[in-house]
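Some notes on the structure that comes next.
The values are calculated or read from the model by the stated rules, or taken from the named source; none is laboratory data. None of the values given here were measured: they were computed from a predicted structure. Reconstructed Cβ throughout: ideal geometry from the backbone, glycine too, with neighbour counts over all protein chains shown.
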Amino acid sequence: MSIVPPTADKSIIDKAVADKPIYVTQPSLPPLEDFIPYLEQIWENKILTNNGPFHKQLEQALCDYLGVDHLALFTNGTIALVTALQALRITGEVITTPFSFVATAHSLLWNNIKPVFVDIDPKTCNLDPDRIEEAITPQTTAIMPVHCYGNPCAVERIEELADTYGLKVIYDAAHAFGVKYKGESLLKHGDLSVLSFHATKVFNTFEGGAIICPDAKTKQRIDYLKNFGFADEVTVTAPGINGKMSEVNAAFGLLQLKHIDKALERRREIERAYREALTDAKGISLLPIPDDTIGNASYFPIFVGDDYPLSRDALYQALKDAGINGRRYFYPLISTMPMYRGVLDGKPVSLDKASRVANRVICLPIYPNLCDNEIEVICNCFSNQSGTLVGSNSEER
Ligand code: T4K
């Protein structure tokens, strides 16, 4: 099989190969010299971690920017997820999605909680709210949905179900930095929301994360938990972990915040360009634009249908050979991984939609420094020799 999509303009792809490879993402970095004064300050203070001045400032600045009341910084999103479950004393079974990064389900296993995987709605790639109720058992204590690609979950329906059955809701909001839903921060939904500030995320602090919580008392418990459980010098309240963000990461976050609006705007611009170019590409489908949402364009997934000339994996490889490194986020499904097979107890749980989506998805490169001609090169991979698109996008996934 040909290594380039048969529909692609070969000369453009050759140019892409010749130039440096394009990755699914590239971290945004501020000018290096702008970071030096922050480092000088840290050298001067000699406070490197443990809720130092930059840590405090970043927590406040993020609350202001995101429009939330309380936020606890973390060393990364995974430890924040693990801690969020501890903070709410979640046990037994938790309903979650199989279509996510492994950290979502891993955070449950790290707490000896059984993940109960429920199928997704292919129009959002998020937990299907119509399938949650049938998965609730006497052992269910919480729901852990993911705002996949930053697209809002069915937050109202999930809240209704949680209220009816007395369940907690912890959103894995790793992808949802800055997303607004119905005019407000999406992060206000649920009992807790967890962000990731990993290098690959919309807002990065190299590594980092946060828990958004509704009240000061919960934040205090979370702050104890991320500092070994210490409430004061001599009181340890719980077997907490070391989940603290360092002063270097926090200072970097403060500097990053100065550039975030511009970064988000550029991401949205790239998303619009992709949509415009790919909406009519035969055999390729896109997620619908979610209602009432100002998104963050954190990912740009495309779904390869049966009527595309190449299989998903062949297209993925062809793009890669052309120097365009998309990623199959999220393939394989978490539920198929060896450490999760046992949790299904041999019960026939239908995850057909998640499976279909996982087998078709490729996330295309999207990040603020992706330049217009790189976007053109990528889009032209889905065009025919004369540069016009191959067909209309009529197929339903
Ligand atoms: N929940 C969800 C839903 C998540 O998506 C994640 C993380 C978490 C929880 C956990 O949050 P953290 O504990 O990570 O804060 C990446 C990230 O490592 C991971 O953070 C992220 N999700 C996941 C979706 O993507 P990989 O294995 O794909 O990363 P990697 O190293 O292959 O990076 C992808 C591309 O990005 C590279 O090909 C090149 C580029 N890159 C990457 C890094 C790290 C750079 O240009 N510079 C860099 O420093 O998992």
- Residue under evaluation TYR23, criteria (1) away from the ligand (no atom under 15 Å from the Cβ); (2) surrounded by 14 or more Cβ atoms within 10 Å (Cβ to Cβ); (3) not β-branched (Val, Ile, Thr), criterion not met: (1)
- Item | Test result for LEU264, under 30 Å from GLU376 (Cα atoms), crowded, with 18+ Cβ neighbours inside 10 Å and in contact with a Lys or Arg (Cβ under 9 Å, 6 or more places away or on another chain) | no
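In the set ALA273, ALA216, ALA231, ALA238, which member is of a type in the set (Gly, Ala, Ser) and over 25 Å from LEU88 (Cβ atoms)? Lay out the reasoning, then the answer.
Details: ALA216 fails: over 25 Å from LEU88 (Cβ atoms); ALA231 fails: over 25 Å from LEU88 (Cβ atoms); ALA238 fails: over 25 Å from LEU88 (Cβ atoms).
Among ALA273, ALA216, ALA231, ALA238, only ALA273 is of a type in the set (Gly, Ala, Ser) and over 25 Å from LEU88 (Cβ atoms).
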- Could you pull out every one of the helices (runs of 4 or more DSSP H) wholly within segment 75-189 that has 1 or more residues that are assigned by TED's automatic domain parsing to the domain that holds LYS244, away from the ligand (no atom under 16 Å from the Cβ) and of a type outside the set (D, E, K, R)? 77-87, 155-165
- Message: Take the residues in segment 1-20 that are surrounded by 12 or more Cβ atoms within 10 Å (Cβ to Cβ) and either polar (S, T, N, Q) or modelled with pLDDT of 95 or more (or both); name whichever of them is farthest from VAL304 (Cα to Cα).
- Response: SER2
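Between ALA314, ALA281, ALA322, ALA297, which is of a type in the set (A, V, I, L, M, F, W, C), over 22 Å from CYS153 (Cβ atoms) and at pLDDT 95 or above?
Values: ALA281 fails: at pLDDT 95 or above; ALA322 fails: at pLDDT 95 or above; ALA297 fails: over 22 Å from CYS153 (Cβ atoms).
Just one listed residue meets the conditions, ALA314.
Among GLN220, GLN317, GLN256, which is the only one that is within 16 Å of the ligand (Cβ to nearest atom) and surrounded by fewer than 18 Cβ atoms within 10 Å (Cβ to Cβ)? Before the answer, list the steps.
Details: GLN220 fails: within 16 Å of the ligand (Cβ to nearest atom); GLN256 fails: surrounded by fewer than 18 Cβ atoms within 10 Å (Cβ to Cβ).
Only one candidate qualifies: GLN317.
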- Inside segment 225-239, can you point out the residues that are in a loop (DSSP other than H, G, I, E, B) and either surrounded by 21 or more Cβ atoms within 10 Å (Cβ to Cβ) or modelled with pLDDT under 95 (or both)? LYS226
- Starting from segment 23-46, keep only residues that are under 28 Å from ARG327 (Cβ atoms), then list their pairs with residues that are within 16 Å of the ligand (Cβ to nearest atom) and among the basic types (Lys, Arg) whose Cβ atoms are within a distance under 8 Å, requiring at least 6 positions of separation or different chains. VAL24/ARG327
- Message: If ALA72 meets every condition in (1) out of contact with any Pro (no Cβ under 8 Å at 6 or more places or on another chain); (2) in a helix (DSSP H, G or I); (3) modelled with pLDDT of 95 or more; (4) aliphatic (A, V, I, L, M) apart from one, which number is that one?
- Response: (2)
- Going by the structure shown, is TYR274 within 16 Å of the ligand (Cβ to nearest atom) and of a type in the set (Phe, Trp, Tyr)? no
- Item | Inter-residue pairs, beta-carbon under 8 Å, first modelled with pLDDT under 95 and in segment 144-173, second within 16 Å of the ligand (Cβ to nearest atom) and not in a helix (DSSP H, G or I), 6+ apart | none
- Query: Are there any pairs, at least 6 apart or on different chains, whose C-beta atoms fall under 6 Å, with the first in segment 313-330 and on the phi > 0 side of the Ramachandran plot and in contact (Cβ under 8 Å) with a residue 40 or more places away in the chain and the second more than 10 Å from the ligand (Cβ to nearest atom) and not in a loop (DSSP other than H, G, I, E, B), and if so, which?
  - Reply: GLY323/ALA16; GLY323/VAL17
- Task: Kindly indicate whether any position in segment 87-105 is without any contact (Cβ under 8 Å) to a residue 40 or more places away in the chain, under 30 Å from ARG328 (Cβ atoms) and surrounded by fewer than 23 Cβ atoms within 10 Å (Cβ to Cβ).
- Result: no
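Considering ILE212, ILE222, which residue is farther than 30 Å from CYS381 by Cα, in a strand (DSSP E or B) and within 22 Å of the chain's Cα centre (by Cα)?
Values: ILE222 fails: in a strand (DSSP E or B).
Checking each option against the conditions leaves just ILE212.
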- Residue under evaluation LEU195, criteria (1) within 11 Å of the chain's Cα centre (by Cα); (2) surrounded by fewer than 23 Cβ atoms within 10 Å (Cβ to Cβ), criterion not met: (2)
- Scan CYS153, CYS125, CYS148 and give me the residue that is crowded, with 24+ Cβ neighbours inside 10 Å and at positive phi. CYS125
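If the requirement is being of a type in the set (Val, Ile, Thr) and touching a strand residue (DSSP E or B) at 6+ places or on another chain (Cβ under 7 Å), which of these qualifies: THR164, THR141, THR200?
Working: THR164 fails: touching a strand residue (DSSP E or B) at 6+ places or on another chain (Cβ under 7 Å); THR200 fails: touching a strand residue (DSSP E or B) at 6+ places or on another chain (Cβ under 7 Å).
Among THR164, THR141, THR200, only THR141 is of a type in the set (Val, Ile, Thr) and touching a strand residue (DSSP E or B) at 6+ places or on another chain (Cβ under 7 Å).
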